[in-house]
């Protein structure tokens with residue numbers, strides 16, 4: 001999705017949410033199963049920690065690139081959508097969200 005957005009002329013970035021990707025100590029399958037099984041106890045803390053991380057990504061983008069915060073759209077699929085909504089609620093520099101839930 002980032003390549004598609006960049007190909008359409010957008011400055012598109014992403015980060016690994018807390019406990020995901022390079023920041024994880026478990027396999028993606030185990031992580032997914034654990035988070036879904038204990039949504040309140042495990043998923044909400046991941047979203048809670050990843051939201052300020054997303055703010056720091058926005059800080060970095062605006063400090064190092066010619067990007068106006070008025071043009072920022074936070075977006076994501078599944079948990080990334082939740083993080084984007086939380087980000088818009090606590091950081092009004094962007095204020096637009098494109099969140100999508102994929103039903104599998």
Exercise. Only residues that are on the phi > 0 side of the Ramachandran plot and surrounded by 13 or more Cβ atoms within 10 Å (Cβ to Cβ): list them for the range 1-32, please.
Key: 19
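Within the chain, considering only helices (runs of 4 or more DSSP H) that don't extend past its boundaries, which have at least 2 residues that are in contact (Cβ under 8 Å) with a residue 24 or more places away in the chain? Step through it out loud before you land on a result.
Working: elements: 2-7, 28-37, 44-64, 79-90.
Fully inside the chain and qualifying: 44-64, 79-90.
Condition test on residue 35, is it over 15 Å from the mean Cα position of the chain (by Cα) and either over 17 Å from residue 1 (Cβ atoms) or surrounded by 15 or more Cβ atoms within 10 Å (Cβ to Cβ) (or both)?
Details: over 15 Å from the mean Cα position of the chain (by Cα): yes; either over 17 Å from residue 1 (Cβ atoms) or surrounded by 15 or more Cβ atoms within 10 Å (Cβ to Cβ) (or both): yes.
Here the answer is yes, as residue 35 does meet what is asked.
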Practice problem: Name the one entry in 22, 33, 42, 82 that is touching a strand residue (DSSP E or B) at 6+ places or on another chain (Cβ under 9 Å) and more than 20 Å from residue 11 (Cα to Cα). | Solution: 82
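With respect to residue 73, determine if the residue is at pLDDT below 85, farther than 13 Å from residue 18 by Cα, surrounded by 14 or more Cβ atoms within 10 Å (Cβ to Cβ) and out of contact with any helix residue (DSSP H, G or I) (no Cβ under 8 Å at 6 or more places or on another chain).
yes
The values are calculated or read from the model by the stated rules, or taken from the named source; none is laboratory data. All of these numbers come straight from a predicted model, not from anything done at the bench. Using ideal geometry, Cβ is built from the backbone for each residue, glycine included, and neighbour counts are taken over all protein chains shown.
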